[in-house]
Every structure is written in structure tokens, then in C-alpha cells.
Amino acid sequence: MRWNTKSTWLRIALLAVVFFAVPLVIRLLTPDPYQSTSALIATIFVLFPAIVIALAVWDGFAEGLSLLWLLAPFVVFLPPMYIFFNDSALIYGVAYSILALLANGLASLPKGRSKS
């Protein structure tokens, strides 16, 4: 397990950019608050989990298992959660972290087998 890999930190930074940019674009492009709310809810349930899983899998294949994926999705989701959503979205940050660690761990299995 590793903590200090530049490419992992870059993928986590990309995740943070997505967590901020997507809700911001939705708010800017949808003047109707009800449409904006619907789009943000879809983002929380569909888009964010898909992006978290994709980035964690990418990192798992490229670098192997990293415990950063246990903490990073939750931590980078906190600021956008308070800016664009509300406290009730906190549980999704936890879910994203669990999804990320599972995806990263499963993706790192082939890399771990090839070393032994």
C-alpha cells in the first residue's frame, strides 16, 4: 500500500475539480431552481459515483492499492457539499469513499499478482 504517488494525487485533484465544476456548471446553466435541483440530485446519484469509480480504477490499474482512496473522496466532497448541497449529502461522501476504496482495491489485484 502506498501514500505518496504523484499520479494518485493528480487523480484526486481531478476528482476535486469535478466535484466543484459539475455543480457550478449545472447552477449556471439551469435558471429554474427545480431543474437545477433535479440535475444536482442526478449528479450525486449517477455522475459522481461513476467518476469516483473510474478514477479509482484507473489509479488501481496504474499504481496499485492506495489507502488515499479511503479518505480523499470524502475530504474533497466536503467543500462542494456545503456550497452546492446541504448537510444531508454528507452520507454520499462516505459512500464515494467506500466505492473508491473497493474499486481501487479490485483494480489493483492484477498488478499485485503480477509482482509475485
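Rounded to the nearest 10 degrees, what's the angle between the helix 48-63 long axis and the longest principal axis of the chain, both from Cα atoms, 0 to 90?
For 48-63 against the chain, the angle is about 20 degrees.
I want to make sure I understand the PRE zone here: with the label point 7 angstrom from the Cα of Leu29 toward its beta carbon, which residues in the range 45-64 have backbone N atoms less than 19 Å away?
Under 19 Å, as judged by backbone N against the label point of Leu29, lie 45-52 of the range 45-64.
Any idea what angle helix 68-84 forms with the longest principal axis of the chain, computed on alpha-carbon atoms, 0 to 90 degrees, nearest 10?
That works out to roughly 10 degrees.
Sort 56-64, 85-93 by the packing proxy (mean of other Cβ within 10 Å over each peptide's residues), most packed first.
Working: 56-64: 20.4, 85-93: 13.9.
Highest-to-lowest ranking by the protection proxy: 56-64, 85-93.
Under the 0.36 nm per residue contour assumption, what length would be gained going from the current alpha-carbon distance of Ala50 and Lys6 to full extension?
13.6 nm
Rounded to the nearest 10 degrees, what's the angle between the helix 6-29 long axis and the longest principal axis of the chain, both from Cα atoms, 0 to 90?
Approximately 10 degrees, to the nearest ten.
Identify which of the listed values of Kirkwood radius over Cα pairs in Å was calculated from the structure shown: [x] 18.3; [y] 17.1; [z] 14.6.
[z]
Bear in mind these aren't lab numbers, they're just calculated from the coordinates by the rules spelled out. Quantities reported herein were computed from a predicted structural model and do not represent experimental measurements. No Cβ is skipped: glycine too gets one built from the backbone with ideal geometry, and neighbour counts run over all protein chains shown.
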